[in-house]
Amino acid sequence: MLKIAVSIVVALFLLIFVLSVMKLSITILFQHAQDDDEWKITFRTLFGIIRYTIHIPLVKIETESPGIVIVHNKTVKNISESKPKRSKYTLEDIIDSFQKAKEFVRHVVRLNAIIKKFLRHISITKFEWQTKIGTGDAAATGMIVGLGWSLKYSLVALFSKYMKLQTSPCLMITPSFHEAISETKFVCMIHFRIGHAMLAGIRVVKYWRDYHLSEIKTFVTQQTNESY
């Protein structure tokens, strides 16, 4: 019985060790052409043997009832689902998500150190952002192109500051002065060890646990003082 328990512990330890040293590769692809949008996020690990893809080919506003409909496919090892799934998010769902995000942002300052430590372990090996844009008016197009270049360089500077940018970014903006057009293609590939993500997750959980414990202690102290 003792040998079995020891074997299980050793096996779990080896599994955690193997997972911690494995690298996870994430490729983010976004394409926009007029009214056609597509998102695709691919996760790869174990030298590409394990691969999982989330494909979101369509995002549109539903006119019959307020909400956003997302049609998406999931692919595991190049095998796609036969029928795409439809997910609808109502206005209430979106507002609730923003409220939760707002609550999370309140704690970003304290989580900043944890996030920064994790970001330092992320390597960017591919960064491409190509855009073709025009409004039909030369002056307005020139202004938008200038803002576009500013946005792209700012994003690259932000990424290179907090992460390891191991490639030369491919940035391009093609202005169209005589027609209204909006097209863009964004590809970004990042790598990090699963162990670093696990460690960051543990630190975040510990932070939230300590935060809620401190809130409970404060509440109990207040109730005790009021009772006296």
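Before moving on, here are some points about what is shown:
- Cβ pairs under 9 Å, 6+ apart, first in segment 146-158 and open to solvent by 40 Å² or more (accessible area, probe 1.4 Å), second of a type in the set (Phe, Trp, Tyr): Leu155/Trp129
- All positions within segment 191-203 that are part of a helix (DSSP H, G or I), open to solvent by less than 50 Å² (accessible area, probe 1.4 Å) and either without any contact (Cβ under 8 Å) to a residue 12 or more places away in the chain or among the hydrophobic types (A, V, I, L, M, F, W, C) (or both): Ile194, Ala197, Ala200, Gly201
- Within segment 45-67, restricting attention to residues that are surrounded by 15 or more Cβ atoms within 10 Å (Cβ to Cβ) and at pLDDT 80 or above, the residue that is farthest from Ala180 (Cα to Cα) is Thr45.
- Taken residue by residue, segment 37-44 has no member that is open to solvent by 60 Å² or more (accessible area, probe 1.4 Å) and more than 17 Å from the chain's Cα centre (by Cα).
- Ser7 falls short of the stated requirement of being at pLDDT 70 or above, among the polar types (S, T, N, Q) and either assigned to a strand (DSSP E or B) or touching an Asp or Glu at 6+ places or on another chain (Cβ under 9 Å) (or both).
- Test: residue in segment 169-190 that is open to solvent by 40 Å² or more (accessible area, probe 1.4 Å), touching a helix residue (DSSP H, G or I) at 6+ places or on another chain (Cβ under 6 Å), within 25 Å of Met22 (Cα to Cα) and not in a helix (DSSP H, G or I): no
- In segment 10-34, of all residues being among the small types (Gly, Ala, Ser) and in a helix (DSSP H, G or I), the one that is farthest from Leu199 (Cα to Cα) corresponds to Ala11.
- Tally of residues being closer than 30 Å to Ser176 by Cα and free of Cβ contacts under 8 Å to residues at least 24 places away in the same chain across segment 1-34: 0
The values are calculated or read from the model by the stated rules, or taken from the named source; none is laboratory data. Bear in mind the structure is a predicted one, so any value in this text is a computation, not a measurement. Counting neighbours? That spans all protein chains shown, and the Cβs are built from the backbone with ideal geometry, glycine included. Accessible surface areas use protein heavy atoms only, side chains included; no ligands, DNA or RNA. Shrake-Rupley method; radii C 1.70, N 1.55, O 1.52, S 1.80 Å.
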